[in-house]
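Data block below; observations after.
The values are calculated or read from the model by the stated rules, or taken from the named source; none is laboratory data. A quick note: this is a predicted structure, and the numbers were derived from the prediction, not measured. Cβ placement follows ideal geometry from the backbone for every residue including glycine, while neighbour counts extend to all protein chains displayed.
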Amino acid sequence: MKQLRLMAVHAHPDDESSKGAATMARYAAEGARVMVVTLTGGERGDILNPAMDLPEVHGRIAEIRRDEMRKAAEILGVEHHWLGFVDSGLPQGDPPPPLPEGCLALEPLEKPVEALVRVIREFKPHVMTTYDENGGYPHPDHIRCHQVSVAAYEAAGDYRLYPDAGEPWQVLKLYYNHGFLRKRMQLLQEEFAKHGQTGPFEKWLAHWDPEVDVFADRVTTRVECSEYFPQRDDALRAHATQIDPNGDFFAAPIEWQQRLWPTEEFELARSRVPVSLPENDLFAGIEPDDD
């Protein structure tokens, strides 16, 4: 059966539900195979939902986050693979403390790259998504995820590299997620004002120069996926330790989001097929194969 395949590479459980989730749900619903690869178990992430900040949760956080990820993948209709590395945490302080021994960010790069190449060669994705060189934000695991993903994209099709990791497979396109765009937040903030309400995004907008939207300037591809925003939000809520159901992610009604900004945004970073930009489809220019 000819079938398109998409692999989304993320640092921690919950990242897949906040970055490109509706796009993945759309492609899965349309018959593509979609796999999320999560590099770490998210063991050191903060508990951001006050209702889950309980001793029994802290004592079982690794197990709970695995179960949350299973539920989110089921909601999105995607396959999932744990790459098996340990969360580095987000060091706080000036200067920040050293990273914990054995974490992903301190592993020799070749180790997670080989592990990801193995999964790529088995799943055979036509397209991969990951983070840009800044990691989306400067968490050491997000930056490492970028480094690992780009290196694995380049290595997977080279028979000379990692010869014990399976038969070579050449991924055709690599994209970076760009979900946090100033214009989107500004539109939603203005919509709250039109309804006589105070929106939650002022503190986010304050971090941006109103004349410059760096990430928007990098967007090459907008995927219409508003029908799947409810699945995205349900998948986010499945990560109950990480997501506060009363937080900013859920403040704007889905109907506003579908009307004002019905797309998710990506940057085409690498392509081995001819492209015409801008695009509205991650698989543009790709024909499915028989593998």
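Summary of computed values
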quantity	calculated
Condition check for L277: over 17 Å from H126 (Cβ atoms) and under 17 Å from the mean Cα position of the chain (by Cα)	no
Considering residues of the range 1-39 that are charged (D, E, K, R) and under 20 Å from W169 (Cα atoms) only, the residue farthest from the chain's Cα centre (by Cα)	K2
Matching entry among L282, L236, L268 (being buried (at least 17 other Cβ atoms within 10 Å of the Cβ), in a helix (DSSP H, G or I) and either among the aliphatic types (A, V, I, L, M) or modelled with pLDDT of 90 or more (or both))	L236
Which listed residue is farther than 20 Å from T130 by Cα, touching a residue at least 60 places away in the same chain (Cβ under 8 Å) and in a loop (DSSP other than H, G, I, E, B), from Q92, Q3	Q3
Failed condition for R222, given (1) in contact (Cβ under 8 Å) with a residue 40 or more places away in the chain; (2) of a type in the set (D, E, K, R); (3) closer than 21 Å to F250 by Cα; (4) buried (at least 17 other Cβ atoms within 10 Å of the Cβ)	(3)
Residue in the range 29-79 that is nearest to E287 (Cα to Cα), counting only those that are assigned to a helix (DSSP H, G or I) and small (G, A, S)	A29
Answer from E30, E101, E56, E114 - the residue that is within 30 Å of V275 (Cβ to Cβ), exposed (fewer than 15 other Cβ atoms within 10 Å of the Cβ) and acidic (D, E)	E30
Complete set of residues in the range 22-36 that are of a type in the set (A, V, I, L, M) and in contact with a Leu (Cβ under 6 Å, 6 or more places away or on another chain)	M24, A25, A32, V34
Single match in E68, E43 (criterion: touching a residue at least 60 places away in the same chain (Cβ under 8 Å), acidic (D, E), surrounded by 15 or more Cβ atoms within 10 Å (Cβ to Cβ) and farther than 23 Å from D132 by Cβ)	E68
Selection count, the range 125-163, where residues are in contact with a helix residue (DSSP H, G or I) (Cβ under 6 Å, 6 or more places away or on another chain), more than 17 Å from D15 (Cβ to Cβ) and either among the charged types (D, E, K, R) or surrounded by fewer than 18 Cβ atoms within 10 Å (Cβ to Cβ) (or both)	1
